[in-house]
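J.: Dropping a structure here in structure tokens format, bear with me for questions.
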Amino acid sequence: MAINPFSKPHSAQNVTDYPNNNTYFLVWNFREEAGPVTIKSVFQGICALVINLNNSALNRFPDSKASCVMGIGYDAWLQLDLPRPLPKELKRFEPVTGSKHSAVSTKGDLHFHIRADNKSLAYDMAAAISELMSPVADGVVEVQGFRYWDSRSVLGFVDGTENPHGADRDRFAIIGGEDPSYQGGSYLFVQQYIHNLRAWKSLPVEEQEKVIGRSKEQDIEMSDELKPKNAHIALANVGDDFKVVRDNMPFGNVATNEMGTYFICYASTFSTVEKMLNNMFIGNPEGNYDRILDFSTAKTGSLFFAPSLELLDEFGG
């Protein structure tokens, strides 16, 4: 399948929208026994559905800040015979293994990121997607995220403080002329973290702040002199020229104490995400890993590509 990179303008999906109150994160994997013709037909239908869901939400509830972003994994891209060459940095995510902690790799064919202030609207979008996907694919991840106070994780610290704003959101999240065939697209990377809250809460606040590198109440970054070298923000931030747009959300089951953070980011280059993961899990220097990993375990890890709206429309047939 070939595409003309200059045939249309390149409009991004809603990858730079700000987090809102309710989120569904869905990962689906195609079943081989469904057959390539059936899978291709459902894929075309799901591309059209995502476009329709966004248009309908905008028309019916213009103030709801509702959207659905779809990402496609490397294996699915090949299976569906999507355009060649592939986006320059789309590949199977390889585990990042440090001396103590690992960023695991898990299979994901399609990822859906649904946002809405109205939970009913988010649910309806998720249900429509699931109805279409279930005959040919298995839903392997369904996480319902929620806004916790002033955008804090369940660890109690504000999440996403380093996010870019304004025009920088497009700059760091959306592909431009460096990959002409895929302008308007974005690399989408996700990890589902489970926190050891009992261990975390046993730490005094002052010690928690050293793990993160910020004050807990006011979200003020520590000075370089006071900030530990293994603090989260010392390792997860790899420079002002290497940023991503995060849209993390807390989730969990209070009864089982399985509370966590769904890490999700959009990036114009996946190599930026790799720098972050290497710093966090291997360490900088090696062995100086991110101390937050002593309290947060990555259960999933998948890379996807979120094509432009025009390309998504072409995929929909």
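J.: Roughly how many debye, to the nearest 20, is the charge dipole of the chain about its Cα centre, given +1 on each Lys and Arg Cβ, -1 on each Asp and Glu Cβ, and no other charges?
T.: The calculation lands at about 320 debye.
J.: Asn52 versus Thr297, label points 7 Å from Cα toward the beta carbon: distance in nm?
T.: Here the modelled spin labels are 4.2 nm apart.
J.: Based only on Cα atoms, what mean projected area does the convex hull of the range 115-205 have, in nm²?
T.: For the Cα atoms of the range 115-205, the hull's average projected area reads 9.6 nm².
J.: Hey, what's the Kirkwood Rh for the range 182-260 if you take every pair of different alpha carbons, in angstrom?
T.: 15.1
J.: Another question, then. Using alpha-carbon positions, what is the distance between the centroids of the range 63-120 and the range 279-311, in Å?
T.: Taking the Cα centre of the range 279-311 as reference, the centre of the range 63-120 is 13 Å away.
J.: What per residue convex hull volume, in Å³, comes out for the range 9-64 when only alpha-carbon positions are used?
T.: It is 131 Å³ per residue.
J.: I would also like to ask the following. In square angstrom, rounded to the nearest 10, how much accessible surface does Arg60 have for a 1.4 Å probe?
T.: The value for Arg60 is about 150 Å².
J.: Mind ranking Phe112, Phe61 by accessible surface for me, highest first, 1.4 Å probe?
T.: Solvent-accessible surface, decreasing: Phe61, Phe112.
J.: Using the C-alpha gyration tensor of the range 62-114, what are the square roots of 5 times its eigenvalues, in whole angstrom, with the largest one first?
T.: Sorted largest first and rounded, they come to 26, 20, 9 Å.
J.: Can you bin every Cα-Cα distance in the range 26-174 into 5 Å intervals starting at zero and give me the percent of pairs per bin, rounded to whole numbers?
T.: Taking all Cα pairs of the range 26-174, the binned fractions are 2, 7, 14, 15, 19, 19, 13, 7, 3, 0, 0 percent.
J.: Something else about it: Ignoring any ligand, DNA or RNA, what whole percent of the accessible area of the range 185-292 comes from carbon and sulfur when the probe is 1.4 angstrom?
T.: After summing per-atom areas, the C and S share lands at 49 percent.
J.: Then there's this: Find the all-direction average of the projected area of the Cα convex hull for the range 219-277, expressing the result in square nanometres with one decimal place.
T.: 5.6
J.: Now for a different question. With a 1.4 Å probe and every protein chain left in place, work out the accessible area per residue of the chain in Å², rounded to a whole number.
T.: 45
J.: Also: Take Tyr148, Tyr123, Tyr289 and sort them by solvent-accessible surface of the protein heavy atoms, 1.4 Å probe, largest at the top.
T.: Largest accessible area first, the list is Tyr123, Tyr148, Tyr289.
J.: Divide by every residue of the chain the summed helix terms, -39500 (n - 2.57) for each DSSP H run of at least 4, and state the resulting mean residue ellipticity at 222 nm, rounded to the nearest 500 deg cm²/dmol.
T.: -8000 deg cm²/dmol
J.: Another question, then. Using amide H atoms built in the peptide plane, which far-off residues or other-chain residues are under 5 Å from Val141 H to H?
T.: Val27
J.: Going by average Cβ neighbours within 10 Å, how do the peptides 38-45, 295-302 rank, with the highest at the top?
T.: Put in order of decreasing packing, that is 295-302, 38-45.
J.: Could you sort the peptides 69-78, 250-259 by per-residue average Cβ neighbour count (10 Å cutoff), highest mean leading?
T.: 69-78, 250-259
J.: Compactness ratio of the range 186-311: Cα Rg over 2.2 N^0.38 Å, N = residue count?
T.: 1.12
J.: Here's something else I'd like to know. If I compute solvent accessible area with a 1.4 Å probe over the protein chains, what percent of it on the range 1-145 is carbon and sulfur?
T.: 51
J.: Given the protein chains as shown and a 1.4 Å probe, how many square angstrom of Cys68 are accessible, to the nearest 10?
T.: 0
J.: Another question about this same structure. Test of understanding: express the Cα radius of gyration of the range 258-317 as a ratio to 2.2 N^0.38 Å, with N the residue count.
T.: 1.52
J.: Separate question: For Glu274, what accessible area in Å² do you get when you roll a 1.4 Å probe over the heavy atoms of the protein chains, rounding to the nearest 10?
T.: Accessible area, nearest 10 Å²: 60 Å².
J.: OK, next. Pairs Lys119/Lys201; Lys229/Lys275; Lys210/Lys243; Lys119/Lys299: which are spaced more than 24 Å apart, C-alpha to C-alpha?
T.: Going by Cα-Cα distance, Lys119/Lys201; Lys119/Lys299 fall outside the 24 Å limit.
J.: In what sequence, largest accessible area first, do His165, His101, His111, His10 appear using a 1.4 Å probe?
T.: Solvent-accessible surface, decreasing: His165, His10, His101, His111.
The values are calculated or read from the model by the stated rules, or taken from the named source; none is laboratory data. Being a predicted model, the structure only gives us computed values, none of them experimental. All Cβ positions, glycine included, derive from the backbone under ideal geometry; neighbour counts span all protein chains shown. These area figures cover heavy atoms from the full protein model, side chains too; ligands, DNA and RNA do not enter into them. Shrake-Rupley method; radii C 1.70, N 1.55, O 1.52, S 1.80 Å.
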